[in-house]
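Just below is one structure, and these are the notes that go with it.
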Amino acid sequence: MPKVKKEENTEMKSLTEMVEYIARALVSSPDDVSVNHELLVEDELEKHVIKLKVEENDKGKIIGKEGRVAQSIRSLLRVAAVKLDTRINLDIE
């Protein structure tokens with residue numbers, strides 16, 4: 001079972017703000033967008049998880065046709081993860 005650490009650094013804070021900014025621009029109800037960050041540690045490996053919560057009727061706008069919008073957001077996070085030498089996952093709820 002991975003351990004969840006609540007640790008906030010400036011790089012991850014700016015990435016969560018970026019995801020929130022993109023999501024708010026895409027959805028019909030921007031006030032209902034929430035983004036949380038968790039750091040999971042399992043066997044000395046760190047994995048950052050950014051959880052994006054939107055209203056049920058806005059999920060299609062975030063995921064996009066054939067998942068292209070979600071994949072684009074994940075690609076931006078992957079580039080940042082390489083720069084930070086870590087792993088970042090995006091969960092859309």
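The values are calculated or read from the model by the stated rules, or taken from the named source; none is laboratory data. Just so we're clear, the structure is a prediction, and the values are computed from it rather than from any experiment. Glycine also receives a Cβ, built like all others from the backbone with ideal geometry; neighbour counts cover every protein chain displayed. Surface accessibility is based on the protein's heavy atoms, side chains included, excluding ligands, DNA and RNA. Shrake-Rupley method; radii C 1.70, N 1.55, O 1.52, S 1.80 Å.
Leaving ligands, DNA and RNA out of it, report the carbon-plus-sulfur percent of the accessible area of the chain at a 1.4 Å probe.
49 percent
Would you work out which of L15, L77, V54 lies farthest towards the positive end of the dipole of the chain? Charges go on Cβ: Lys and Arg +1, Asp and Glu -1.
The residue sitting most towards the positive pole is L77.
Please list the three semi-axes, largest first and in whole Å, of the ellipsoid equivalent to the chain, using sqrt of 5 times the eigenvalues of its alpha carbon gyration tensor.
Here the semi-axes work out to 23, 14, 12 Å.
Fully extended, how many nm does the chain gain between D32 and K13 (0.36 nm per residue separation, minus their Cα-Cα distance)?
Stretched out fully, the D32 to K13 stretch lengthens by 4.9 nm.
For the chain, report the accessible area per residue in Å² (1.4 Å probe, heavy atoms, rounded to an integer).
Each residue of the chain exposes 67 Å² on average to a 1.4 Å probe.
Quote the charge dipole size of region 3-93 about the Cα centre in Debye, to the nearest 20; the model charges only the Cβ of Lys and Arg (+1) and of Asp and Glu (-1).
320 debye
Calculated from DSSP H runs of 4 or more alone, at -39500 (n - 2.57) each and per residue, what is the 222 nm mean residue ellipticity of the chain, nearest 500?
The helix contribution divided over the chain gives -13500 deg cm²/dmol.
Could you pull the Cα extents of region 14-66 along its three principal axes, largest to smallest, in whole Å?
Each principal axis gives a Cα extent; for region 14-66 these are 40, 25, 15 Å.
Would you work out the relative contact order for the chain, in percent, from Cα pairs under 8 angstrom that are 6 or more residues apart?
28 percent
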